[in-house]
Amino acid sequence: MAPKECIPSHVTDTGFTVLHNPPDPCADIIFIHGLQGHPKNTWTKKLAIKSKQQKVSGNFSTRLGRILKSGSQSGPSQPCPIPESLSSDGSVFWPESCLPEDCPSARIATWGYNSAVTRFFKGPTNQNTFYDHANDLLMDLNRLRKGHRERPLIFAAHSLGGLIVKQALCDSKSATGNEELKLVVESTKAIFFFGTPHRGSSFEAWGRLAQGIAAAVFFDTNGRSIGHLAVNGENLAQLEKSFGKLLYERKFQIHSFHESLGLMGVKGLNARVVEPWSASVGDPGREKTDTIDANHMDMCRFNGPADRGYQKVSAELRELVEGVEGQFSETSQEDYDAFLYSFQIPEVDPQHVSDPYENTGNWIFSNARFRSWIRDEHGVFWIKGKPGSGKSTLMKHLSTSRNLDKLILTPRSLVKTKFFFTSGGSHLDQTLASFLQSILYQILKQRNDCYQRLLPQLHAHLKKCWEAECKRRWKNSLDSMKQPAASQPNEDQNPQGSSQTKAQTKKADFMPKEEKHYTTKEKCVSLVWDAQTLTILLLSAVEEEKITSRMLLFIDALDECREADRDLVQNFLKRLLAASKKSPVILDICISSRPDTAIDIVIDEERTILMQEHNESDILTFVDGELISRSLNLRGRDQYQALARRVIEKSDGIFLWVLLVVPRLRNAIRSGERMSTLTDLLEELPERLEDLFRNIIGRVSDNHLVETIRMIQLVVLAERPLTLEEFRHAISFPPGCPYLSLEDWEKSDEFIEPGAQVAQLIESRTGGLLEVRTSVHSRREEQQDNTQYRPFRYHSLNLRRKAMNAGARLKYKFQSSANESALLSTHMEQKDDSADGDSEDTEDYEEFGPGSTVRMLHDTAKHFFLQGSGFEQLAQLLTKSKHAQSAHSTLKSLDGSYLAMGHAYFAETCLNYFRLDGIVHHFVSALSKVISFSDVNVTLNTCVALEGNRYPLLRYGIPNWLDHARKADEMGIDQASLLHHVIRRAKPEVLVGIAVENNLLSWLVCLKSCFPSLDFDTPSLSYGWPMRTAVKKRYFRIIHFLIDAGANPNGTSGGPETTLKHACRDADDEMRLCLLSRGAKLDQPYLIAPEGMIIRL
């Protein structure tokens, strides 16, 4: 028991009262009472024996007090032993008298606020709502925890107090710019809910009755707090959404207790106040649920340590505190975050996949095959579908929807993970290693206990990577030293007579600090995760699981996985399924792909569905929402329904086809076309997606063909999706543009406004094949839970409408066709009827925030240009154009490759951007400081740090311009023109290193021409580095050039590890034959390096 001096003599009605405060607490446990409660009385069990008359009789006012008064009892009291914790007044305040013995290392406090429906004789009711109380709690917590705001936090809340906690945590998460308040939600480890009405209380009517009677006898009341307990009330529903999103993002635990008894003593009050369905947040993966044998008022009052209810609660609290004390000290929490960060890869939630349109995708939850699979709790489920049928959107819906949780019958520990392969993103979105890394990251984020089990393996791999990092730093230190390695110091420099070389005496200056001086966080920067290590960790996570748990794994677009890795992914899944059968883990894997994908995993036919056979209702919903319902003021519904049915028939289950066709029909409707014209238009549209793409680009104006090609090249060839601002600057500063500064461009007639105008330009130039994906939404949308999906809207329709609003305000004159002008005129005369209900006064381009990206509408459209005839179709139009024939030769290479010229255009655009007045001095300065190829991007990143906000294309250009140059060079486009821009700003030896590292043969040819005496064996690094790098990267054309230029084919003169031995060790037969043909040797004696040369021993 806590020392007597630690127990406060008085618990204040409002604010914090600390009940137990050990010297160095490992966690804070905060108790928060509910409606009509008190920071002490709510948690106090009164054991004084009452007379039978007091217990049974009493008029209505007495029984009314039992509803309102926090001290009411539930039915006949059961005999129990008198506990040692009984106070002098015959009561047990268990957070103060019992809990400190079970959780001695935690600080325990109770918090009070005025939640009275009626204050009786205590004065007026506090008129604050639970929003105000939540803010008060947040501020009080911030003051209470000053100096220890990162300490783990555990809440215990009764009834309305649980809503206050939820709102306070949501407020903490959204406290932008206030890191202290954000620490409240970040440090929260668990919440204990006692009868909290997460979905509303059916008992509200009785509370209002009591409130009304109290008001009739002249007592002040507050109806707002109790008003929030209406079943599915608006405020409670909004809080449920916000907290659901928070719960999905954070890693704290939920413990929900619900009452088993109803209130007794008043006719009609025999039901439970909060039913079990309302007392649970509905997340089986994070939530533990249990029952306490008491009514709503008494469920958090215990008569001592022997009380069964106390034993349930204290056991969970004790386990949490012990876990925090043993596993999550400040150091271990920092280690956990560091390891977790090392696994994180971009876009776990894929931006390239659209959210489902409103009220679509829910058919899957009633599908008999799917329900049977999810309830059988094992195996693989395969969702097959044609390209564009909506597979990825459905998978995103499944992986985040709480409707899925409702189908899971058992409340086991649930872990949901997902990965979306895509050929439209970076190479990281297509490989086995990135798949494994993402899955492991999601598991460890949701299961701290899994992290603890894997910790020895994580540290072992960290040690291996850290040792390699130390060696790399030492070698880089040697590379940067200017003194010859073979020179010896004189006696004055080495008074002890040591025979160490000068390089060796300086070793301590360049080696990292002793290992014990580095934290795990500092070491984690060296972590490199390979597929083999990740496979071992994931299999261990499943095989070593000790408790019955369930894992759902959603894998989208398996057919988009890199071909070399696809079989490896399937082999891993087989091993994972086999491991799960030997452990308590129930593993369910849901895969989506095209029907012709070769899947080597045995899948029962009853565990497959074909998208085209089930998405007709979704297509009808979309057409009804975007075409029929918005056109009733112009036509009869029956006519449009007939048109919609024909759209569905022609789509053949391809949702993408519908997304492209509906806007064309809407434009015609808004232009006042007759139904016969609409029907003819629909029949003229091709049914195959590829033919529809051709139809769309065939409508591009001759004046805009060059710009259209450039825009598409930028999007399909980008190493990652460009943000809207990066794209705006990329199309504004092409090679040869006349602007020398941003100011020149902003004052010109070619300036493009950010946000709505550039989005409209993208729409009009590409016919909707490119779109803007937004990730920054209005305040209203940010408050929505991710389980309540924002309606997917065909972005070009919204962007067109938003651009028109913005254009009207800014008085911009967009170039548009006659049809677009008619549409603009129609729109400006009519009230905006958009689905989201935004008024014209809304700031329309708030939506285009920093995270908005420009993408192809769908991967099939990207394939049409990368692998199909998309660019050739545009080329044919360009050839016939009178306005753009002169530009035709600059858009494709001599062999007709638009991809090669696209990469060259990208690289030139980036370098041209670097020469703007505000950047060029930073760029030149950084380039002149580059010592070796390995730090070229690190050094140039100083430009991004200094000017990245003002010049957004720097963020993409600096790390990627050489990649585009390399690809163009490999495709036969000479990149010497780029070299001429930098040749005077960097050392020739450094440029050799950059050229070899990036396979830029044209740069090496140019450097040899400009510097005839240049030694290609010694580019300011160790001797033979260029040849070794070319062999390692398998750049055969670079190897032949270097040997022809006089380089040593063995790649070294300081040791036996020749390039040929390296090729033999790696079993690279092609490289071995290449080197043998050029005179390479398997072994060679140690040679003396040329005087002054740095070698590696």
- Cβ-defined net charge surrounding Val715, 9 Å radius [Lys, Arg +1; Asp, Glu -1]: +2
- Task: Would you calculate the separation in nanometres between label points at Glu563 and Ser671, each defined as 7 Å from the Cα along the Cα-to-beta-carbon direction?
- Result: 4.3 nm
- Amide H of Ala190: which non-local residues (sequence gap of 5 or more, or other chain) have their own amide H closer than 5 Å, using H built in the peptide plane? Leu153, Phe155, Gln253
- Query: Which FRET efficiency value, to the nearest 0.05, is calculated for Lys581 and Leu407 with the Förster distance at 25 angstrom and r the Cβ-Cβ distance?
  - Reply: 0.65
- Query: What FRET efficiency comes out for the pair Ala945/Asn359, r = Cβ-Cβ distance, R0 = 60 Å, nearest 0.05?
  - Reply: 0.85
- Task: Note the full-extension length gain between Arg453 and Ser741 as 0.36 nm times their separation in residues minus their Cα-Cα distance, in nm to one decimal.
- Result: 98.1 nm
- Please list the non-local residues whose amide H lies under 5 Å from the amide H of Phe31, H modeled 1.01 Å from N, same-chain partners needing a gap of 5 or more. Ala109, Thr110, Trp111, Ala156
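Highest first, please rank the peptides 1003-1011, 34-42 by the mean number of other Cβ atoms sitting within 10 Å of their residues.
Final packing ranking: 34-42, 1003-1011.
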- Task: Take the Cβ-Cβ distance between His10 and Arg699 as r, set R0 to 45 Å, and report the resulting FRET efficiency rounded to the nearest 0.05.
- Result: 0.05
- Task: Taking 7 Å along the Cα-to-C-beta vector as the label spot, tell me the Ala315-Asp917 distance in nanometres, rounded to one decimal.
- Result: 7.5 nm
- How long is the gain from Thr597 to Lys574 if the chain were fully straight, where each residue apart is worth 0.36 nm and the alpha carbon distance is subtracted? 6.6 nm
- Note on the structure: In nm, the gap between the two label points placed 7 Å beyond Cα toward Cβ at Asn135 and Leu682 is 5.3 nm
- Task: Quick one: what are the phi-derived ³J(HN,Hα) couplings along the range 898-909, Karplus 6.51/-1.76/1.60 with θ = phi - 60°, whole Hz, x for glycine and proline?
- Result: 7, 6, 4, 5, x, 5, 4, 4, 4, 5, 5, 4
- Ser413 long-range amide H proximity, modeled H, under 5 Å: Arg550
- Task: Just subtract the alpha-carbon distance of Phe1036 and His981 from 0.36 nm times their residue separation and send over the number in nm, one decimal.
- Result: 17.1 nm
- Item | Assigned charges on the beta-carbon of Lys, Arg, Asp, Glu; the range 656-721 dipole about Cα centre (debye) | 260 debye
- Label zone at Lys521 (point 7 Å along Cα-to-Cβ), backbone N below 19 Å, the range 449-463: 459, 462-463
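Please report the net charge: other residues with Cβ closer than 11 Å to the Cβ of Arg447, K and R +1, D and E -1.
Spelling it out: positives minus negatives among the neighbours equals +2.
Taken together, the values in this text are just the output of simple stated rules run on the coordinates, not laboratory data. From a predicted model like this one, the values you see are computed outputs, not experimental measurements. Glycine also receives a Cβ, built like all others from the backbone with ideal geometry; neighbour counts cover every protein chain displayed.
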